[in-house]
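Data first, discussion second: the structure below is written as structure tokens.
The values are calculated or read from the model by the stated rules, or taken from the named source; none is laboratory data. Computed from a predicted structure; not experimentally measured. A quick note on method: Cβ atoms are made from the backbone with ideal geometry, for glycine too, and the neighbour counts reach across all protein chains shown. Ligands, DNA and RNA are excluded from the accessible area calculation, which covers all protein heavy atoms including side chains. Shrake-Rupley method; radii C 1.70, N 1.55, O 1.52, S 1.80 Å.
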Amino acid sequence: MTAKPTAILISGRGSNMAALIAAAASPEYPARIALVISNQPQAEGVELAQAHNIAVAIIPHQGKTRPQFDAEIDATLRRHGIELVCLAGFMRILSDDFVRAWSGRIINIHPSLLPAFKGINVHARALAAGVRISGCTVHFVVPELDAGPIIEQACVRVAPDDTEETLAARILEEEHRIYPQALRLLASGRVRLEADRAVFS
Ligand code: GRF
């Protein structure tokens with residue numbers, strides 16, 4: 001099976017992007033990271049991707065309507081022959097039309113055990129709620145934010161003295177482990193989106 005050309009969309013640090021790039025470097029991995037798109041020219045992840053000789057497209061969102069921005073991303077993905085899309089700390093909401101066009105081929109990582117704590121400020125809200133377990137989730141992207149069918153999850157125990165930073169750091173380690181696993185499942189056809197369910201085979 002030839003590795004599926006995959007794009008990663010980022011806005012910042014890019015540590016999940018780095019984990020996906022590292023996993024995809026292994027010859028039997030079913031996805032190939034062919035493109036990184038950032039809406040932020042200064043994103044740390046941009047240099048990292050360039051250092052790995054991966055094509056990078058900077059697509060700023062400022063001064064564009066959401067449909068214009070999304071159309072530019074869509075055209076760039078198609079120009080590079082991309083088949084799968086991983087959102088990795090991409091801080092823009094994509095339009096319903098874009099998400100539908102890529103349905104079943106676009107996934108995201110979120111630093112909580114969905115469906116708990118959708119949205120932003122996740123770790124602060126988890127600590128405030130007093131949960132003893134948190135974690136991370138990789139899911140198919142659907143028009144509703146952080147609501148798509150779940151592909152992979154990992155849990156992390158919350159320590160009594162955890163701060164947002166310490167909890168985030170332990171969850172991030174798990175993110176780096178499960179995102180490559182989830183992309184492997186998708187790219188090898190072992191998970192697919194059917195109606196509103198993730199179907200495993
Ligand atoms: C991660 O915690 C991810 O779950 C969330 O944004 C953060 C991105 O971090 N969606 P990085 O850019 O991958 O280091």
All-but-one check, GLU152 against (1) in contact with a Leu (Cβ under 8 Å, 6 or more places away or on another chain); (2) not in a strand (DSSP E or B), failing number (2)
Would you mind telling me which numbered condition in (1) within 14 Å of the chain's Cα centre (by Cα); (2) of a type in the set (Gly, Ala, Ser); (3) more than 26 Å from TYR29 (Cβ to Cβ) ALA129 fails? (1)
Kindly provide the set of residues from the stretch 12-31 that are open to solvent by 20 Å² or more (accessible area, probe 1.4 Å) and either part of a loop (DSSP other than H, G, I, E, B) or away from the ligand (no atom under 16 Å from the Cβ) (or both), ordered by number. GLY12, ARG13, ALA25, SER26, PRO27, GLU28
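If I filter the stretch 110-134 down to residues being of a type in the set (S, T, N, Q) and more than 11 Å from the ligand (Cβ to nearest atom), which single residue comes out as least open to solvent (accessible area, probe 1.4 Å)?
So the first thing to find is which residues in the stretch 110-134 are of a type in the set (S, T, N, Q), and the list is 112, 121, 134.
Okay, now just the ones that are also more than 11 Å from the ligand (Cβ to nearest atom), so 121, 134.
On the way: ASN121: 104, SER134: 3 Å².
Among them, the one singled out is SER134.
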Going through the stretch 1-11 in order, the residues found to be more than 14 Å from the ligand (Cβ to nearest atom), of a type outside the set (A, V, I, L, M, F, W, C) and buried (at least 18 other Cβ atoms within 10 Å of the Cβ) are LYS4, THR6
Can you name the condition, by its number, that SER38 falls short on among (1) under 21 Å from GLU173 (Cα atoms); (2) within 11 Å of the ligand (Cβ to nearest atom); (3) in contact with a Ser or Thr (Cβ under 7 Å, 6 or more places away or on another chain)? (1)
Being more than 15 Å from the ligand (Cβ to nearest atom), touching an Asp or Glu at 6+ places or on another chain (Cβ under 9 Å) and β-branched (Val, Ile, Thr) is the filter here, so list the residues in the stretch 138-193 that pass it. VAL142, VAL191
The stretch 58-90, subset open to solvent by less than 20 Å² (accessible area, probe 1.4 Å), outside any helix (DSSP H, G or I) and among the aliphatic types (A, V, I, L, M), residue farthest from the ligand (Cβ to nearest atom): ILE82
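Within the stretch 155-201, take every residue that is part of a loop (DSSP other than H, G, I, E, B) and acidic (Asp, Glu) and give me the one that is farthest from THR2 (Cα to Cα). Even if it seems obvious, please write down each step before you answer.
Filtering the stretch 155-201 down to residues part of a loop (DSSP other than H, G, I, E, B) leaves 158-163, 188-190, 195-196, 201.
Narrowing further to those that are acidic (Asp, Glu): 161-162, 196.
Values: ASP161: 47, ASP162: 43, ASP196: 28 Å.
Filtering first and then ranking leaves ASP161.
Kindly indicate the residue of the stretch 91-109 that is open to solvent by 30 Å² or more (accessible area, probe 1.4 Å) and farther than 14 Å from ALA71 by Cα and also nearest to the ligand (Cβ to nearest atom) among those meeting that condition. If you could, list the steps in order and put the result at the bottom.
Going residue by residue through the stretch 91-109, those that are open to solvent by 30 Å² or more (accessible area, probe 1.4 Å) are 91-93, 96-97, 100-101, 103, 105.
Filter once more, keeping what is farther than 14 Å from ALA71 by Cα: 91, 103, 105.
Working: MET91: 8, SER103: 20, ARG105: 18 Å.
The qualifying residue nearest to the ligand (Cβ to nearest atom) is MET91.
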